[in-house]
Amino acid sequence: MADASAVLNVSPVIPVVTIDEPQDAVPLARALADGGVKIIELTLRTESALTSLKLIATEVPEILVGAGTILTPAQADAAVAAGARFLVSPGVTPALLSSMLALDVPVLPGVATVGEVMAVLEQGLDTMKFFPAGPAGGPGYLSAIGAPIPHVRFCPTGGISLATAPDYLKLPNVACVGGSWLTPAAAVAAKDWARIRVLASEAARLGR
C-alpha cells in the first residue's frame, strides 16, 4: 500500500484544478510550480482531463500530478495509466477504495463523517480528504474529530479560500488544504499565467 503522507507534505495547499482545454495544462502547471506549489490535483470533470493529465505528467515532471474526482474503478485505472501519481475521491465505497489501493499509488479517499473515517481506518489508511469541508462543518468539526481520532491526518477541500485556509492549517490533524482559488476560471480563460503564479506564491507562504 503506497503511503499518502508524502503527498500531504508537498505544499500547504493542493490546487484543485479543472482544465477545459488541454493546451492550457502545461503552462498552468508551470505557473503553479514557478509560484512554489509543486503539486496539482487535476479533476476528471472534463472529457479531455486525461489528456491534460498526461501532458502535465510528461512535460512538467517537477510537479506531482494526481487525479481527483475519482468515482469509479475504471477512472482510477485510466488516471494511473495517464500518469497520475496519486488519486483523490470525493467520497468512498468499499469497492472503489479496494480498486484504488490495488494500483499502488497514494490514495486520499474522501470522508465527511466519523463513521466514514473509521471505515477507511479499517482499511489501513490514516490520511484522508475531508470533503466538502465548509458545508460538512469546517475547522470546528475537524477539531472535534481530532479528539477521539487524533492520528488521522486530513486534507480538507471544499469552500476553502486564502482567507480561511489558516483556520484549517493551524489544526494538528490537518496536513494541508485543497483549494480551487489558485486557478480561477477567468485567469485560465485569459491565459493569465502570471496571476496564477502570484496566487501560488501566496498559497506557498501559508506553511506553518
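The values are calculated or read from the model by the stated rules, or taken from the named source; none is laboratory data. Model, not experiment: these values are computed from the prediction. Reconstructed Cβ throughout: ideal geometry from the backbone, glycine too, with neighbour counts over all protein chains shown.
Values for this structure:
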| read-out | value |
| --- | --- |
| Near pairs, Cβ below 8 angstrom, 6+ apart or cross-chain, from segment 168-191 (over 15 Å from Arg205 (Cα atoms)) to any residue that is outside any loop (DSSP other than H, G, I, E, B) and among the charged types (D, E, K, R) | Asn173/Arg153; Val174/Arg153; Pro184/Arg195; Ala187/Arg195; Val188/Asp24; Lys191/Asp24 |
| Which listed residue is assigned to a loop (DSSP other than H, G, I, E, B), β-branched (Val, Ile, Thr) and modelled with pLDDT of 95 or more, from Val120, Val105 | Val105 |
| Pair list, Cβ < 7 Å and 6+ apart or interchain, from segment 7-33 residues that are surrounded by fewer than 22 Cβ atoms within 10 Å (Cβ to Cβ) to residues that are among the hydroxyl-bearing types (Ser, Thr, Tyr) and part of a loop (DSSP other than H, G, I, E, B) | Thr18/Thr46; Asp20/Thr46; Pro22/Ser48 |
| Subset of segment 54-76 (residues that are more than 17 Å from the chain's Cα centre (by Cα), loosely packed, with under 15 Cβ neighbours inside 10 Å and of a type outside the set (Val, Ile, Thr)) | Glu59, Pro61, Ala74 |
| Answer residue from segment 34-52, given it is closer than 18 Å to Val107 by Cβ and among the β-branched types (Val, Ile, Thr) and is surrounded by the most Cβ atoms within 10 Å (Cβ to Cβ) among those | Ile40 |
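Yes/no matrix, rows are residues, columns are (1) in contact with a helix residue (DSSP H, G or I) (Cβ under 9 Å, 6 or more places away or on another chain); (2) buried (at least 17 other Cβ atoms within 10 Å of the Cβ); (3) free of Cβ contacts under 8 Å to residues at least 12 places away in the same chain; (4) under 22 Å from Ser180 (Cα atoms):
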residue: Ala84; (1), (2), (3), (4): yes, yes, no, yes
residue: Pro90; (1), (2), (3), (4): no, yes, no, yes
residue: Thr93; (1), (2), (3), (4): no, no, yes, no
residue: Pro106; (1), (2), (3), (4): yes, yes, no, yes
residue: Val111; (1), (2), (3), (4): yes, yes, no, yes
residue: Gly115; (1), (2), (3), (4): no, no, yes, no
residue: Val120; (1), (2), (3), (4): yes, yes, no, no
residue: Gln123; (1), (2), (3), (4): yes, no, no, no
